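Here the structure comes first, spelled out in structure tokens, and everything after it is commentary.
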Amino acid sequence: MKKLITFCLSLLLLSVISVYAQEKPSAEYTENYKKVMDRTQWWREARFGMFIHFGAYAVPARGEWVKSNERITTEKYQKYIDVFNPADYDAKEWAKIAKAAGMKYAVLTAKHHDGYCNFDSKLTDYKLTPRFGGRDLVREFLDAFRAEGLKVGLYYSIIDWHHPDYPNVGNHPQRDDKEYGKRTFNWDNYLKYMHGQVEELVRDYGRLDIMWFDYSFDEYSGEKWKAKELVQMVRKYQPNIILDNRLEINHGTATGQRKISFLGDFETPEQGIPDAPILDQYGNPVPWETCLTLNNNWGYAENDRNWKSPELVIHSLVNCVSKNGNLLLNVGPDARGRIPEESIRILKEVGKWMDDNHESIYGCGACQLAKPDWGRYTRKGNTIYAHWMHPNLGQLNTRGVPADKVKYVSFLKSGAELSWQKTWWGNNETGNFFINIGSSPKMPYPFDTVVKIEMSE
Ligand code: GLC
């Protein structure tokens with residue numbers, strides 16, 4: 001009994017110590033956190049980027065996972081490689097589309113899981129360049145997007161379903177193929193290849209702003225990829241580059257908090273938006289970016305017509321920004337190299353809204369006010385942007401706005417003044433701030449009418 005009590009007491013002591021220890025970041029952690037925040041500053045202000053999944057998988061047109069989903073062997077996949085010749089690829093056109101949508105950066109797949117390279121790697125023949133009249137698709141992308149003033153990033157799959165030394169693990173197309181599994185896989189050889197390709201990208205393509213590695217699973221995480229060495233090499237060539245967090249599985253803590261790692265600068269929630277700003281275990285904000293498809297696939301999928309509405313895209317962007325996050329919105333160009341018409345249509349609508357309202361997105365982040373039932377808030381310095389997204393009548397109660405500090409309230413789109421008051425029909429509790437929006441059943445501006453509240457401090 002005595003032993004049990006001592007055991008329980010020491011367990012209790014240990015957990016108290018660990019809670020206490022967690023509250024104090026080490027000097028090393030603090031220093032790294034500061035570096036992460038410095039590096040990501042432009043990116044956290046940019047808020048909106050374009051993801052581009054483009055590769056030979058556009059030929060079968062059933063998404064970029066087709067090789068894995070349909071257990072296709074490399075030999076059988078070759079027919080798509082043979083046909084892939086995106087003659088209409090015009091990176092300048094893509095860059096214009098991204099810019100007009102209000103996007104500030106773009107990330108293109110240099111190599112996806114199928115292993116086929118869009119760039120002119122010297123380490124393999126499994127690449128587009130020789131079949132594409134010597135054109136380097138990645139270089140053209142970088143040049144064109146930089147010329148439009150956009151920041152540029154590359155997606156690189158650390159998984160490779162083509163390389164003979166990459167084992168048939170995880171979702172490898174030959175995962176169930178016993179014969180294939182009997183081959184000898186020389187992991188070190190694969191790592192050498194993978195590190196070598198990353199080196200080509202960070203060394204030979206000018207300044208890169210973002211490197212988007214994808215992805216880790218099971219024991220294929222962190223040091224299995226020799227991630228520290230990889231990151232060191234990347235930073236040697238590109239000291240200011242921003243890295244995503246997928247060189248390791250970042251589980252976070254039991255409370256859903258995240259740990260800023262030395263191996264990545266930002267979190268990558270996929271196809272979903274967290275319900276609150278992401279914080280580290282000490283309560284500091286962690287940079288994050290939701291990546292989102294416009295239909296249900298990353299790579300081109302002929303029969304996927306499940307397009308998101310421009311309204312949902314705008315609401316999702318605002319949702320991210322209202323929690324200190326970014327949105328990386330995907331397009332999957334077709335086999336001829338063209339961004340699908342439907343994507344362009346949606347992006348144009350988004351761009352129209354951004355033209356009028358980008359001030360409530362760029363450089364903005366979370367606001368301390370509780371989320372109202374009619375929409376969301378974003379904030380930049382002394383200005384609060386009330387995003388009126390859902391039909392509402394009479395007044396927007398922006399509860400918590402300090403009335404004595406308010407200088408001016410207006411529609412962001414037109415600059416037109418809006419009147420406000422502290423009471424409404426006998427509701428004169430302190431803390432209310434009612435903005436008069438009249439009784440029209442229609443919102444003045446579609447999707448999200450932004451009301452700007454300027455304060456003196
Ligand atoms: C996943 C998928 C991949 C896609 C990526 C985008 O990891 O494997 O196909 O590129 O997410 O976030």
Debye-sum result for segment 375-455 in log10 I(q)/I(0), which assumes one identical scatterer on each alpha carbon, at q = 0.13, 0.16, 0.23 Å⁻¹: -0.36, -0.55, -1.17
R0 of 60 Å, Cβ-Cβ distance residue 368-residue 192: FRET efficiency to nearest 0.05: 0.75
Share of carbon and sulfur in the accessible heavy-atom surface of the chain [1.4 Å probe, %]: 52
Extension gain from residue 30 to residue 408, taking 0.36 nm per residue of separation minus the Cα-Cα distance: 132.2 nm
Charge dipole magnitude, Cβ of K and R +1, D and E -1 - segment 375-455, Cα centre, debye nearest 20: 200
Sum of side-chain charges, residue 353 neighbourhood, beta-carbon under 11 Å (Lys, Arg +1; Asp, Glu -1): -2
Under 28 Å from residue 76, Cα to Cα: lysines that are on another chain or at least 8 residues apart: 67, 111, 122, 127, 178, 182, 192
Förster-model FRET efficiency, 30 Å R0, residue 79 and residue 147, C-beta, rounded to 0.05: 0.25
Proximal aspartates and glutamates relative to residue 35, as straight alpha-carbon distance under 17 Å, when same-chain residues fewer than 8 apart are discounted: 45, 209, 244, 265, 267, 280
Under Karplus coefficients 6.51, -1.76 and 1.60, residue-wise ³J(HN,Hα) of segment 365-382 in Hz, glycine/proline x: x, 5, 10, 6, 6, 5, 4, x, 6, 8, x, 8, 10, 10, 8, 9, x, 8
The chain: C-alpha pair distances exceeding 33 Å, %: 44
Hydrodynamic radius by Kirkwood, which averages 1/r over all alpha carbon pairs of segment 70-220, in angstrom: 16.6
Efficiency of FRET from Cβ geometry, residue 240 and residue 457, R₀ 41 Å, rounded to 0.05: 0.80
Kyte-Doolittle mean at least 1.0 and Cα axial length at least 30 Å: DSSP H helices in the chain: 2-23
Pair-distance profile P(r), taking every C-alpha pair of segment 32-104, with 5 angstrom steps and integer %: 3, 13, 15, 14, 12, 13, 12, 11, 7, 1
Distant-in-sequence amide H partners of residue 418 (H built 1.01 Å from N, under 5 Å): 409, 410, 411
Lysine pair count for segment 341-443 [Cα-Cα under 29 Å; pairs on different chains or 8 or more apart]: 27
Zone of residue 359's modelled label, taken as backbone nitrogen in segment 380-413 under 15 Å from a point 7 Å along Cα→Cβ: 380-387, 407-413
Potential lengthening between residue 199 and residue 271 on full extension [0.36 nm per residue; Cα-Cα distance subtracted]: 23.0 nm
Extension gain, residue 425 back to residue 69 (0.36 nm per residue minus Cα-Cα distance, nm): 122.1 nm
Dipole axis of segment 142-262 (+1 Lys, Arg; -1 Asp, Glu on Cβ), positive-most option in 249, 167, 239: 239
Spatial extent of segment 181-273: Rg and Dmax, with the Cα atoms as the point set, Å: 14.5, 43
Hull volume in cubic angstrom per residue (convex hull over the Cα atoms of segment 122-173): 115
Within-12-Å neighbourhood charge of residue 112 [Cβ basis; K, R +1; D, E -1]: -2
Antiparallel bridge percentage (DSSP; both residues within the chain; nearest 5): 50
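The values are calculated or read from the model by the stated rules, or taken from the named source; none is laboratory data. As the structure is a computational prediction, the values presented were derived from the model and not from experiment. As a convention, Cβ positions derive from the backbone with ideal geometry for all residues, glycine included, and neighbour counts pool all protein chains shown. Heads up: the accessible areas ignore ligands, DNA and RNA and are worked out on the full protein's heavy atoms, side chains in. Shrake-Rupley method; radii C 1.70, N 1.55, O 1.52, S 1.80 Å.
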